[in-house]
Amino acid sequence: MIAMRWNKIRSSDTEDPSVMMSSDTEDLSAPIIVNSCGYEKFITQDMHIRRKKGRADYNIIYIAGGKGHFPASYDPANIIEANKGSVVVFAPGQPQIYDYYASENTETYWAHFTGHSARGYLNTSGIPASDNTYPAVYFTGIDDAFTGIFKEIIFEMQVKESFYENRSAALLLGLMALMGRRADYAGTNSRIMPDMSLKKALDSMNEKYCENLPLKYYADVANLSLFRFMHKFRDVMGVTPKDYIKRIRMEKARHLLVNTGMSIAEVAGSTGYEDPLYFSRVFSRETGVSPRGYRNSRKSN
């Protein structure tokens, strides 16, 4: 069973943050359990956290604006400035000694969580907690998706509709994975991170794959020139836009051939090919078998 405590949005300008913390709880009865989640923005008051013995649960903090000041070693004078776009992870028992200053217009989202697989989820998400006495700090960059997920968790915990515990835990896992992905992009630069403009084009391709639209249409959706769109798409996705659309069409065609009684011509038309013979040639080239042969082999299995 996944359990969850309670949440309240905290504001240093209206309430004493020290009395707004959730119960400090370790609970190993489920893989991951959200204890609390919230938001803070510092406009007129500073905040100085001094939990020398830490907490029993994990604490993940996203710096959405300004910066936070966190310890970087045993030397209290050695401080990391976690700038906007940083993620900070405290493990259970780690001293939580850090500062936010109103003059820096700091804005943070945070979540406390526990569970018997909490550390494992952090590790496999690429944002593991450190094993020493100071927190792990990652740079992920700014992503509206982070704040959106935090807001969804806050909503779930406030409204408490049926199965809110499960959904909040699932949202937190998704948040960890996304943060790890962004940290990986920022740390290795091995690929160009897709931005929201390219995501819009990908979404449109998945919706309109059966329409024979010119690539200029998708470039306009991404708000890019055709040349820039084609170049960026290949850098990010590893294939051309045309090959990506063809990949979607072939996947849809395989599904229709196995799961429906549609004729080959109908499958061709449903996946954007007006000529069934041309569709069959493309399908055979991409899969190594004809559409009819693919259907027969799958049904025989």
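The values are calculated or read from the model by the stated rules, or taken from the named source; none is laboratory data. What you see is a predicted model; the values in this text were computed from it and never measured. Ideal geometry is used to build each Cβ from the backbone, glycine not excepted, and the neighbour counts take in all protein chains shown.
Overview of values
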read-out	value
The stretch 234-248: number of residues that are more than 18 Å from residue 285 (Cα to Cα), surrounded by fewer than 13 Cβ atoms within 10 Å (Cβ to Cβ) and touching a residue at least 12 places away in the same chain (Cβ under 8 Å)	1
Subset of the stretch 83-94 that is under 12 Å from residue 136 (Cα atoms) and over 20 Å from the mean Cα position of the chain (by Cα) - its residue that is surrounded by the fewest Cβ atoms within 10 Å (Cβ to Cβ)	91
Test set (1) touching a residue at least 60 places away in the same chain (Cβ under 8 Å); (2) surrounded by 16 or more Cβ atoms within 10 Å (Cβ to Cβ) - residue 116 fails condition number	(2)
Residue check, residue 284 modelled with pLDDT of 95 or more and surrounded by fewer than 14 Cβ atoms within 10 Å (Cβ to Cβ)	no
Members of the stretch 60-80 that are modelled with pLDDT under 90 and part of a strand (DSSP E or B)	71, 79, 80
In the stretch 124-168, residue modelled with the lowest pLDDT [restricted to those that are small (Gly, Ala, Ser) and at positive phi]	141
Filter pass, residue 142 being under 20 Å from residue 176 (Cβ atoms), surrounded by fewer than 16 Cβ atoms within 10 Å (Cβ to Cβ) and in contact with a strand residue (DSSP E or B) (Cβ under 9 Å, 6 or more places away or on another chain)	yes
The stretch 113-149: number of residues that are assigned to a strand (DSSP E or B) and over 26 Å from residue 25 (Cβ atoms)	1
Which listed residue is assigned to a helix (DSSP H, G or I) and surrounded by fewer than 16 Cβ atoms within 10 Å (Cβ to Cβ), from 251, 211	251
Search result, residues across the stretch 199-223 that are among the hydrophobic types (A, V, I, L, M, F, W, C), within 24 Å of the chain's Cα centre (by Cα) and farther than 23 Å from residue 267 by Cβ	201, 202, 221, 222
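The rows are residues; the columns are (1) of a type outside the set (Phe, Trp, Tyr); (2) outside the structural domain of residue 155 (by TED's automatic domain parsing); (3) at pLDDT 90 or above; (4) out of contact with any helix residue (DSSP H, G or I) (no Cβ under 9 Å at 6 or more places or on another chain).
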| site | (1), (2), (3), (4) |
| --- | --- |
| 7 | yes, yes, no, no |
| 29 | yes, no, no, yes |
| 32 | yes, no, yes, no |
| 35 | yes, no, yes, yes |
| 39 | no, no, yes, no |
| 46 | yes, no, yes, no |
| 58 | no, no, yes, no |
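Yes or no, residue by residue, for (1) touching a residue at least 24 places away in the same chain (Cβ under 8 Å); (2) surrounded by fewer than 22 Cβ atoms within 10 Å (Cβ to Cβ); (3) among the aliphatic types (A, V, I, L, M):
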residue: 46; (1), (2), (3): yes, yes, no
residue: 51; (1), (2), (3): yes, yes, no
residue: 58; (1), (2), (3): yes, no, no
residue: 68; (1), (2), (3): yes, no, no
residue: 104; (1), (2), (3): yes, yes, no
residue: 122; (1), (2), (3): yes, no, yes
residue: 128; (1), (2), (3): yes, yes, no
residue: 135; (1), (2), (3): yes, no, no
residue: 147; (1), (2), (3): yes, yes, no
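Quick grid of which residues meet (1) over 18 Å from residue 206 (Cβ atoms); (2) in the same structural domain as residue 201 (by TED's automatic domain parsing); (3) among the charged types (D, E, K, R); (4) assigned to a loop (DSSP other than H, G, I, E, B):
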site: 228; (1), (2), (3), (4): yes, yes, yes, no
site: 239; (1), (2), (3), (4): no, yes, no, yes
site: 242; (1), (2), (3), (4): no, yes, yes, no
site: 246; (1), (2), (3), (4): no, yes, yes, no
site: 255; (1), (2), (3), (4): no, yes, no, no
site: 258; (1), (2), (3), (4): yes, yes, no, no
site: 269; (1), (2), (3), (4): yes, yes, no, no
site: 279; (1), (2), (3), (4): yes, yes, no, no
